[in-house]
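To start, the structure under review is shown below, and the notes come after it.
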């Protein structure tokens with residue numbers, strides 16, 4: 001699968017994940033979605049925050065902020081039900097220290 005094909009598949013999967021979150025009673029906003037190379041460096045270059053080979057730079061990762069009844073849920077526990085959905089969609093495995101991160105793996109990056 002080409003990178004472009006994977007990016008399109010990822011975009012649809014994120015849309016479906018957000019719809020699933022809505023059905024579960026969550027409100028969702030985007031956190032870190034795309035890391036522009038003009039600010040964060042090219043893939044493999046460490047500039048700014050984050051990993052030099054971040055999937056965010058490849059448009060294959062997004063961080064989602066969850067809200068319930070207008071309250072921002074800061075604990076990673078709140079993402080567990082969504083990660084179950086994400087896993088079923090073929091998303092990359094969850095990262096314990098970064099539970100609001102949803103990605104597709106590509107060339108070893110997630």
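When 10, 30 are sorted by how many other C-beta atoms sit within 10 angstrom of their C-beta, beginning with the fewest, the order is 30, 10. The order of 1, 89, going from fewest to most other C-beta atoms within 10 Å of their C-beta, is 1, 89. The slack between residue 98 and residue 73, meaning 0.36 nm per residue of separation minus the straight C-alpha distance, is 7.6 nm. A straight line joining the Cα centroids of the range 92-110 and the range 1-30 runs 14 Å. Residues 107, 69, 32, ranked from the fewest to the most other C-beta atoms within 10 Å, line up as 69, 107, 32. Placing a pseudo-label 7 Å from each Cα along the Cα-to-Cβ vector at residue 33 and residue 15 gives an inter-label distance of 1.3 nm.
Values quoted throughout were computed directly from the atomic coordinates according to the rules given, and no laboratory measurement underlies them. The structure presented is a predicted model; accordingly, all values stated were derived computationally and were not measured. Every residue, glycine as well, gets a Cβ built from its backbone with ideal geometry; the counts of neighbours run over all protein chains shown.
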